[in-house]
1. Which of the residues spanning the stretch 353-385 are touching a Phe, Trp or Tyr at 6+ places or on another chain (Cβ under 9 Å) and open to solvent by 60 Å² or more (accessible area, probe 1.4 Å)?
2. Assess whether N263 counts as being out of contact with any Lys or Arg (no Cβ under 8 Å at 6 or more places or on another chain), within 30 Å of N178 (Cα to Cα) and outside any helix (DSSP H, G or I).
3. Give the number of residues within the stretch 414-426 that are within 36 Å of the chain's Cα centre (by Cα) and in a loop (DSSP other than H, G, I, E, B).
4. Quickly run through the stretch 128-147 and pick out the residues that are small (G, A, S) and either surrounded by 12 or more Cβ atoms within 10 Å (Cβ to Cβ) or not in a loop (DSSP other than H, G, I, E, B) (or both).
5. Checking I83 against (1) open to solvent by 40 Å² or more (accessible area, probe 1.4 Å); (2) assigned to a loop (DSSP other than H, G, I, E, B), which single condition isn't satisfied?
6. Exactly one of (1) open to solvent by less than 60 Å² (accessible area, probe 1.4 Å); (2) assigned to a helix (DSSP H, G or I); (3) farther than 30 Å from I44 by Cβ is unmet by H283. Its number?
7. Return the residues of the stretch 386-413 that are in a loop (DSSP other than H, G, I, E, B), touching a residue at least 40 places away in the same chain (Cβ under 8 Å) and open to solvent by 50 Å² or more (accessible area, probe 1.4 Å); say none if nothing qualifies.
8. Is there any pair with a first residue in the stretch 180-204 that is under 17 Å from H164 (Cβ atoms) and open to solvent by less than 10 Å² (accessible area, probe 1.4 Å) and a second that is among the hydrophobic types (A, V, I, L, M, F, W, C) and in a loop (DSSP other than H, G, I, E, B) whose Cβ atoms are under 6 Å apart and which are 6 or more apart or on different chains, and what are they?
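The values are calculated or read from the model by the stated rules, or taken from the named source; none is laboratory data. The structure displayed is predicted, hence computed values, not measured ones. As a convention, Cβ positions derive from the backbone with ideal geometry for all residues, glycine included, and neighbour counts pool all protein chains shown. Accessible surface is based on the protein model in full, side chains and every heavy atom, while ligands, DNA and RNA are left aside. Shrake-Rupley method; radii C 1.70, N 1.55, O 1.52, S 1.80 Å.
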Amino acid sequence: MAVEQLITQHIDTWTSALKTRSTAGRGSNGKIDLYGIKKLRELILELAVRGKLVPQDLNDEPASELLKRIAAEKAELVKQGKIKKQKSLPEISEEEEPFELPEGWEWVRFGDISEIERGGSPRPIKDYITTEENGLSWIKIGDTDIGGKYISSADEKIKPSGLHKTRMVYPGDFLLTNSMSFGRPYITLIEGCIHDGWLRISPPSLLDKDFLYQLLSSPFIIKAFKEKASGAVVLNLNADKVRETFILIPPFSEQQRIVAKVNELMSLCDQLEQQSLASLDAHSQLVETLLTTLTDSQNAEEVAENWARISQHFDTLFTTEASIEALKQTILQLAVMGKLVPQDPNDEPASELLKRIEQEKAQLVKEGKIKKQKPLPPVIDEEKPFVLPQGWEWCRLGHCIHLISGQHLKPNEYTENIIEGAIPYITGPAEFGDLNPTYSKFTIEKRAVAEPKDILVTCKGAGLGKLNVANVEIAISRQLMAIRTVRANCDYFKLLLSSMYDYFQAKGVGIAIPGISREDVIEPVISLPPLNEQERIVSRVNALFGTCDHLKSRLKSAQQTQLHLADAFTDAALN
């Protein structure tokens with residue numbers, strides 16, 4: 001099958017095979033990996049270097065003759081003292097050849113046709129950095145563009161006195177990253193010096209540079225480099241390993257035909273990518289608009305009408321993880337705005353619930369079970385983001401909860417063994433598990449203890465704002481706080497806190513180790529429904545989240561099918 005047919009006949013597979021790198025927020029496609037189009041690009045390069053992209057022409061001068069001329073050119077450069085004579089590399093036996101080449105192509109070791117050397121750095125480098133006119137361009141990884149092909153400028157220069165400790169490169173040289181963004185090729189358009197994070201490849205003038213760039217970018221060479229560099233904690237290529245690598249050389253005329261064909265097909269991939277991203281953006285905006293109609297609804301009855309209209313098109317609307325996550329966030333927003341379930345005028349109003357909460361907290365203080373907290377400021381009108389339904393009240397989170405700050409335990413204060421009288425000790429969200437916290441440490445120290453149904457919130461470090469609920473007595477570290485509701489429904493408050501995730505994240509921004517304080521937890525203004533309505537809201541949210549989870553499960557299954565199809569088409573094209 002011609003590669004154009006492979007692309008056009010299966011265009012839906014290439015464009016719909018998507019991977020989600022991580023859950024994205026409403027209206028964001030930045031986390032979506034266009035896996036199918038990425039595989040298609042790799043396939044085009046792999047077909048190119050296997051001689052399957054363009055037909056061979058028997059009138060082309062074979063690569064064996066080209067290699068003779070390259071050898072003669074190299075010998076002349078050695079004679080002129082421009083390059084050093086290198087040790088001979090072992091010949092490639094037929095048994096070593098990775099696959100059969102087309103007529104007129106040749107296998108060769110990379111070092112037999114190119115000069116390959118590692119960069120170097122004068123140290124300490126800060127002593128050599130200069131702004132003087134006679135400085136030499138100091139080419140770093142940061143001077144490259146993501147996905148770019150050329151290096152056209154360098155931000156820094158070094159003094160000429162550092163030249164003996166580094167290596168010069170010239171326009172037309174290839175630079176290959178030998179660590180970090182491992183094995184990535186670039187063509188330099190400037191003269192300069194390189195540090196030891198680069199390999200310089202000076203290819204023969206008789207080789208098409210664009211073909212060599214495509215070859216070095218192909219899955220075949222990337223795999224070969226990875227195999228050469230394997231065994232190290234950090235993948236690292238040295239010059240000898242690259243010299244030993246097998247590469248394939250087509251006739252020169254075919255190199256040029258391959259380059260033209262690859263460029264043509266990559267342009268088609270660019271168009272598919274732009275169309276896919278435009279389609280994802282349009283879909284995201286549509287979802288955003290429709291979800292906004294829900295949050296803009298005046299009451300639960302209007303929400304129900306709009307929901308009924310949207311639910312008829314769930315299969316076409318919620319087709320990405322980002323859109324399903326946006327739906328869940330909208331459900332939470334509706335819940336805390338009092339628009340998810342209808343109000344019942346027979347419910348005792350939240351104002352009465354607040355009075356009982358205050359009385360119970362006073363009793364707990366009197367009994368010495370909790371400390372008396374400072375009075376919280378009253379909620380002013382400017383802090384109220386929307387109008388509440390009848391029976392609801394604005395208050396501060398601290399009015400309804402008792403907050404327990406975690407305490408650090410020393411290594412000698414906990415153990416990995418269960419001992420009599422010990423309770424679990426957890427240090428952060430890594431131990432939250434999918435449903436309940438997981439336990440690997442135990443302690444008899446009970447300085448900061450969460451009780452069953454307490455809501456655990458991450459207050460420091462990674463996962464800031466992440467939640468779970470204690471199912472047994474748990475000692476908590478200072479990375480966590482425990483929120484204990486007083487007379488209110490703890491499940492409703494978990495939903496409420498889930499809707500505050502972005503708030504917690506924002507509070508932690510700009511600090512070396514992001515963290516939130518007690519004040520960040522107790523001072524936010526919240527909407528408090530009557531107790532009976534809290535229970536109805538929890539029941540409704542659980543049902544709707546079940547629908548979302550079902551959508552997500554179906555989506556993952558469909559995505560896996562598309563990914564498998566993309567892989568299958570790739571394998572079939574190469575065999």
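1. E383, K384
2. Against the criterion (out of contact with any Lys or Arg (no Cβ under 8 Å at 6 or more places or on another chain), within 30 Å of N178 (Cα to Cα) and outside any helix (DSSP H, G or I)), N263 does not qualify.
3. 2
4. If the condition is that a residue be small (G, A, S) and either surrounded by 12 or more Cβ atoms within 10 Å (Cβ to Cβ) or not in a loop (DSSP other than H, G, I, E, B) (or both), then G135, S137, G142 are the ones that fit.
5. Status for I83: all satisfied but (1).
6. Failed condition: (3).
7. Q390, Q407, H408
8. G192/A154
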